[in-house]
1. Work out, step by step, the length gained on full extension between B:Asn228 and B:Glu52: first 0.36 nm times the residue separation, then minus their alpha carbon distance; give nm to one decimal.
2. Give the order of B:His30, A:His151, B:His143 when sorted by the count of other beta carbons within 10 angstrom, beginning with the fewest.
3. Compare the Cα positions of A:Met66, A:Ala155, A:Thr258 along the charge dipole of chain A (+1 at Cβ of Lys, Arg; -1 at Cβ of Asp, Glu; about the Cα centre) and return the one farthest towards the positive end.
4. List the distances, in nm and shortest first, from the label point of A:Lys250 to the matching label points in every other copy, placing each point 7 Å from Cα along the Cα-to-Cβ direction.
5. With +1 on each Lys and Arg Cβ and -1 on each Asp and Glu Cβ, and nothing else charged, work out how big the dipole of the protein assembly as shown is about its Cα centre, in Debye to the nearest 20.
6. Among rounded, prolate and oblate, which fits region A:12-110 when a ≥ b ≥ c are the square roots of the eigenvalues of its C-alpha gyration tensor, a/c under 1.5 means rounded, and a/b larger than b/c means prolate?
7. Could you check which residue among A:Ala155, A:Ala86, A:Ala200 shows the biggest mean-square fluctuation in a GNM of chain A with a 10 Å Cα cutoff?
8. For each pair in A:Lys113/A:Lys269; B:Lys104/B:Lys269; A:Lys104/B:Lys40; B:Lys40/B:Lys104, compute the distance between the two Cα atoms and list the pairs where it is over 24 Å.
Protein chains: 2
Amino acid sequence: MSEITPAEAPRRTVFFISDGTGITAETLGHALLTQFATQKLRQVPLPFVNSESAMDAALDRMAQAMREDGARPVVFSTLVDQKMQARLDNSNVMVMDLLGAFLKPLELEFGQKSTLALGRSHAIADRQHYHIRMEAVNYALQHDDGATVRHYQEADVILTGVSRSGKTPTCLYLAMQFGIKAANYPITEEDLEATGLPNALRPHQSRLFGLTIEPEQLCHIRGERRPNSRYSSFSQCQSEVEETERLFRKHRIPFLDTTSVSIEEISSKLMQTMALERQLY
Amino acid sequence: MSEITPAEAPRRTVFFISDGTGITAETLGHALLTQFATQKLRQVPLPFVNSESAMDAALDRMAQAMREDGARPVVFSTLVDQKMQARLDNSNVMVMDLLGAFLKPLELEFGQKSTLALGRSHAIADRQHYHIRMEAVNYALQHDDGATVRHYQEADVILTGVSRSGKTPTCLYLAMQFGIKAANYPITEEDLEATGLPNALRPHQSRLFGLTIEPEQLCHIRGERRPNSRYSSFSQCQSEVEETERLFRKHRIPFLDTTSVSIEEISSKLMQTMALERQLY
């Protein structure tokens, strides 16, 4: 296979087509495309293609991209509707059928035909899904930053750590993505001066998870908020971090350094460490 | 193909294995498995399998599941490392190689080999990713519920609608998933009594997006918060919703009924309507 240098290669348009939001198509498609970093790609989402007319419009856009680029578009599809998928397959584009590629082998493995159904049939599951997520998001917002420490017994996990160590976005991600109820409690200087765990946390030790961060990074983040303050000084950041890590170790609270870790990764590791089960997909 | 009834079918274990968080494997795997609703499945995530020893442990768990179930496990994989994937392929499980299945056709299409690289190589992208998301999440939190209306010029979109119509979770989802800066402004009775758009919104009309909800549903949601109050009474909910929708129409603000729509779907439709481009994948 001979390599084409970026200068020679035409621009391509990549479409992500779906009956639904298309987020799965975009996520997997993007993971694949990062393996071809030198390609000049224009990425276009085509969500909610769930009618003949929406499909007509989608095919028109693909034909137009082909004229503009002088090369056929690459289309990542999670279309569930077989008729829609067939129309795509019969068009003049390169189709990556993300569901279809695996349905046949699964049918054989399970000895059962798949129930190819459109969004409608998932209405009840969607409703439950929505409710679980709402509950979890509201819980995270109500129990953000130690705002209230009541109902901690309802928490699946209580995140703790110094101010600006990444607790809030992690809690929200856990709620949004997994339906996990996560509270967060900031460790303050007062807490560090006292002996033992903060009172609010003591009864819930088994559900505590700590976040830590490199003092340099903390100093940088705090500086954006309150420049030239004691709060954002390196010495303050360093001592808070050191003492908080000591507290975590002393009370055997599992903790993670968030300095160069994405929220997805923090959340995933936390789920694993705390043996939490996701409540939604 | 003969159907096996659930009673005869053995339980199966499904694994989602990945070098990273495994969220893509879980999402696509789950979409496929919903097509086989009657199967008795146990689902096990195996994230961060990025070392020989982690792979040893993963293969052990698969072998154990096989003994327990009396049937081979089904494994959805997004392993990037070819050696790891080969170990999986050579084991006695059913492998659904979500990346591998599409890499060859893409290599042919692009006339270029894929740069199969482990997480490390994405460090810089991850860092930018993290920063964009943090900024967007912080923006959403600071501009939640009309808390502050300064910096509205920085918003990619400003959501508006009656209290409890789904604005906050939608803003957070937009920030988390797409890196979109979304503020939200609640329409109050005071706003409805005044003429025209609320002052805070007037300069930003082109970036407004409305959420509405069926009065019955709103009444139910508000009732959980403040039962037997004027706030949660049906007549109050109904008049607020009607007048808010009238306001949307009068000022040509695009809006969406959130009553039986998931946050993913609201967000996706909003992105489409407002022609917003996602800032992260």
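Laboratory data are not the source of any read-out in this text; all were calculated from the coordinates shown. None of the values given here were measured: they were computed from a predicted structure. Every residue, glycine as well, gets a Cβ built from its backbone with ideal geometry; the counts of neighbours run over all protein chains shown.
1. Details: separation 176, 0.36 × 176 = 63.36 nm, distance 6.02 nm.
Between B:Asn228 and B:Glu52, full extension yields an extra 57.3 nm.
2. Details: B:His30 17, A:His151 12, B:His143 24.
Listed from fewest to most nearby Cβ atoms, that is A:His151, B:His30, B:His143.
3. Result: A:Ala155, furthest along the dipole toward the positive end.
4. Label-point separations across copies, in nm and ascending: 6.2.
5. On the way: 60 positive and 70 negative charges, 8 e Å.
The dipole of the protein assembly as shown has a size of about 40 debye.
6. Working: a/c = 1.81, a/b = 1.23, b/c = 1.48.
The shape class here is oblate.
7. So, out of A:Ala155, A:Ala86, A:Ala200, the one fluctuating most is A:Ala86.
8. Details: A:Lys113/A:Lys269 36 Å; B:Lys104/B:Lys269 33 Å; A:Lys104/B:Lys40 19 Å; B:Lys40/B:Lys104 33 Å.
Cα-Cα > 24 Å for A:Lys113/A:Lys269; B:Lys104/B:Lys269; B:Lys40/B:Lys104; rest within.
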